[in-house]
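Report on the structure given below.
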Amino acid sequence: MRQVRKTKKIILTSNHGFTLIELMVVMVILGILAGLIVPRIMDRPEEARRTKAAVDIQALEQALKLYKLDNGRYPTTDQGLLALVDPPSVGRLAKKWRNGGYLDKSRVPKDPWDNGFVYISPGLHGDFDLMSYGPDGEPGGEGQDADINNWEL
């Protein structure tokens, strides 16, 4: 006996795409999320600039410490942060200045508001004081205009 196998044809029907109502629901949800999230993100750029300034100050502190390891002292205020890029030509000269300098990009960075960092050595709060005056570019300030100082990090 011969068995006959019957094969059933299964016809799959599927709907490709989304309905207009489904698309509208997604758009409303995205609109609600954007309304809640965008205002919070808009306040973040200033916070990010302050964080970048703090990170830059810490990187400059490390470069200054390497300078001191090689030369036995920190650059003077007159020599400034440029002593990390070029051998000092005023005051006590650095006898063991590292070839290539102490900063990666061979230039002294500016703070996120395009102002120079302020360097004082010897400092009032330690061996040296290093600061950014913040967005207003003036010493002091409160809130978002407050200075960012190495002794407070």
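Please find, among Leu84, Leu64, Leu69, Leu60, the residue that is modelled with pLDDT of 75 or more, surrounded by fewer than 14 Cβ atoms within 10 Å (Cβ to Cβ) and either more than 17 Å from Tyr102 (Cβ to Cβ) or among the hydrophobic types (A, V, I, L, M, F, W, C) (or both).
Of the residues listed, the single one that is modelled with pLDDT of 75 or more, surrounded by fewer than 14 Cβ atoms within 10 Å (Cβ to Cβ) and either more than 17 Å from Tyr102 (Cβ to Cβ) or among the hydrophobic types (A, V, I, L, M, F, W, C) (or both) is Leu69.
Of all residues in segment 30-80, count the ones that are of a type in the set (Asp, Glu) and outside any helix (DSSP H, G or I).
Count: 2.
Confirm whether Gly100 is of a type in the set (Gly, Ala, Ser), part of a loop (DSSP other than H, G, I, E, B), closer than 21 Å to Trp151 by Cβ and modelled with pLDDT under 95.
Here the answer is no, as Gly100 does not meet what is asked.
So, Ala63, is that one in contact (Cβ under 8 Å) with a residue 40 or more places away in the chain and hydrophobic (A, V, I, L, M, F, W, C) or not?
For Ala63, the condition - in contact (Cβ under 8 Å) with a residue 40 or more places away in the chain and hydrophobic (A, V, I, L, M, F, W, C) - is met.
To keep it simple, each residue is scored yes or no on (1) without any contact (Cβ under 8 Å) to a residue 24 or more places away in the chain; (2) in contact with an Asp or Glu (Cβ under 8 Å, 6 or more places away or on another chain); (3) part of a loop (DSSP other than H, G, I, E, B); (4) on the phi > 0 side of the Ramachandran plot.
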residue: Leu93; (1), (2), (3), (4): yes, no, yes, no
residue: Val108; (1), (2), (3), (4): no, no, yes, no
residue: Trp113; (1), (2), (3), (4): no, no, yes, no
residue: Met131; (1), (2), (3), (4): no, yes, no, no
residue: Gly140; (1), (2), (3), (4): yes, yes, yes, yes
residue: Gln144; (1), (2), (3), (4): no, yes, no, no
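Which condition does Asp78 not pass, out of (1) surrounded by 13 or more Cβ atoms within 10 Å (Cβ to Cβ); (2) in contact with a Gly (Cβ under 7 Å, 6 or more places away or on another chain), if it passes all the others?
(1)
The values are calculated or read from the model by the stated rules, or taken from the named source; none is laboratory data. Fair warning: this is a prediction, and the values are worked out from it, not measured in the lab. Note that each Cβ is placed from the backbone with ideal geometry, even for glycine, and that neighbours are counted across all protein chains shown.
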